[in-house]
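Right, one structure below, let's go through it.
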Amino acid sequence: MKGHRTTVTALLRWFDKNARDLPWRRTHDPYAIWISEIMLQQTQVKTVIPYWDRWMRTLPTVEVFAKAKPQTFLKLWEGLGYYTRVHNAHKAAGVVVEKFQGRFPSGYDDVLALPGIGRYTAGAICSIAFGQPTPIVDGNVIRVLSRLFGIPGNPKDKTVNAQFWQLAQELVLISSKVGERNNAVSHFNQSLMELGALVCTPRKPNCESCPVQKACVAFNTNRVEQLPEIEKRQAATERKFVAFVVEKNNRWLVQQRPAGVVNAHLWEFPNVEVPVTYKTLPDEVPFTAGSKPLFTIRHTITRYRIQMDVFSGTMKADASGKWVSKRELAKLAFSSAHRQIANRINQISA
Ligand code: SF4
């Protein structure tokens, strides 16, 4: 336990000197911290900063967010991906307004019960905004703890995962008793995340400048490269789509994705998934395509490597959708690939 206390103190000292000055670190507003945490899932800090700034300017309180229309919050989220996060957050904002009169709840169980909030986010909100000794465990924290304490095994395995939560709980409790400071649990949890992001990185960690190198089991037993024991990623699955840029009188045809599907409510150009080896379009597609793609977009989403060939298209049968001007194209919320198409149209005909 004494060793743990030394480790906690070293991490707190390191965080005091090395923490990045991030905008959401300048507030204790649980709503602002919550928004930063959901944006940061799957997304890098430098990408999140302008999104978070824009979001907080447009939707500064949980009440304003709860009242916002999907087009408003989807546009603010456009490009961050994983749109289920923002739909769930909107539902949660509704619950905060209805059940808690717009005051973000501070009880861990109440926070955890909100839509889209799991153990990690509840722990982050309760410790950072409310100073409660609630643990957090995410990819960064797993990497740091597994190396620092030499924890073997696949972190996704139930028993191994429980070990990380247990350890994170013990450490954050110790932090609540260290020194004369009221930000200790918040800073301790953030120090684990920050060390994982800046020093104890997945590849080539900077052990030479690590504040807990002396205590680090992986470093002392030469197992830094072996820990954590993460499963190898499955090979990506190839998928191919054909998208159509259909124009009439300086307006373009776009379609809105229905509720309950991936990227629900976002706009997109008409498109169809085709076999990876496709040569001709299926008959039922209501468009004919030009002979050559205008351009091709390649991107990776979760385990899919996606290629989208974008053609100028003409309608051969009725197709649903909305004809919009260049100006409206800029205002609608598209998924990343379709935003690229919209931007190209804006550039071509600017
Ligand atoms: S010594 Fe190296 S492996 Fe150990 S916690 Fe520090 S950076 Fe990570």
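No lab work stands behind these numbers, since they all come straight from the coordinates. Treat the numbers as computed from the prediction; the structure is a model and nothing was measured. A quick note on method: Cβ atoms are made from the backbone with ideal geometry, for glycine too, and the neighbour counts reach across all protein chains shown.
What list of ³J(HN,Hα) values in whole Hz, one per residue of region 38-47 in order, does the Karplus curve 6.51 cos²θ - 1.76 cosθ + 1.60 (θ = phi - 60°) give from phi, with Gly and Pro shown as x?
Computed from phi, the couplings for region 38-47 are 6, 5, 6, 5, 6, 9, 6, 3, 5, 6 Hz.
Rounded to the nearest 5, what % of DSSP beta bridges with both residues in the chain are antiparallel?
Antiparallel bridges: around 70 percent, rounded to the nearest 5.
Once amide H atoms are built 1.01 Å from N in the peptide plane, which residues 5 or more positions from GLY102, or in another chain, come under 5 Å H to H?
VAL97
Return the Rg/Rh ratio of region 199-340 with Cα-based radii and a Kirkwood Rh. Don't skip to the end; give the middle numbers.
Numbers: Rg = 22.9 Å, Rh = 18.7 Å.
We get a ratio of 1.22 for region 199-340.
Where both residues lie in region 237-348, what percent of DSSP beta bridges are antiparallel, nearest 5?
70
Applying 1/(1 + (r/R0)^6) with R0 = 22 Å to the Cβ-Cβ distance of TYR82 and VAL45, what FRET efficiency is obtained, to the nearest 0.05?
Computed FRET efficiency for TYR82 and VAL45 comes out at 0.85.
Under the Karplus relation 6.51 cos²θ - 1.76 cosθ + 1.60, θ = phi - 60°, what is the ordered set of whole-Hz ³J(HN,Hα) values for region 290-295, x standing for Gly and Pro?
My calculation for region 290-295 gives x, 6, 10, x, 5, 6 Hz in order.
Amide H to amide H under 5 Å from ILE301: which residues, 5+ apart in sequence or cross-chain, H placed 1.01 Å off N in plane?
ILE306
Taking amide H positions as placed 1.01 Å from N in the peptide plane, with prolines and chain starts having none, which residues 5 or more places from PHE241, or on another chain, fall under 5 Å of its amide H?
VAL274, GLN307, MET308, ASP309
Most mobile of ASP53, ASP157, ASP16 per a Gaussian network model of the chain (Cα springs, under 10 Å)?
It is ASP157.
Counting other Cβ atoms within 10 Å, which trypsin sites (Lys or Arg not before Pro) in region 310-350 have at most 16 and lie in a DSSP loop?
LYS316
Expressed as an acute angle from 0 to 90° and rounded to the nearest 10, what is the orientation of the C-alpha long axis of helix 119-128 relative to the principal long axis of the chain?
Approximately 60 degrees, to the nearest 10.
Rounded to the nearest 10 degrees, what's the angle between the helix 184-198 long axis and the longest principal axis of the chain, both from Cα atoms, 0 to 90?
Once rounded, one gets 60 degrees.
Counting other C-beta atoms within 10 Å, which of SER175, SER209, SER291 has the fewest, and how do the rest follow?
Sorted ascending by nearby Cβ count, the order is SER291, SER209, SER175.
Order these peptides, 222-233, 37-48, by their mean beta-carbon neighbour count within 10 angstrom, highest first.
Going from most to least packed, we get 37-48, 222-233.
Through the Karplus equation 6.51 cos²θ - 1.76 cosθ + 1.60, θ set to phi - 60°, convert the phi angles of region 322-335 into ³J(HN,Hα) values in whole Hz; use x for Gly and Pro.
Going residue by residue, I get 9, 8, 10, 7, 4, 4, 5, 4, 5, 7, 6, 8, 10, 6 Hz, with x marking Gly and Pro.
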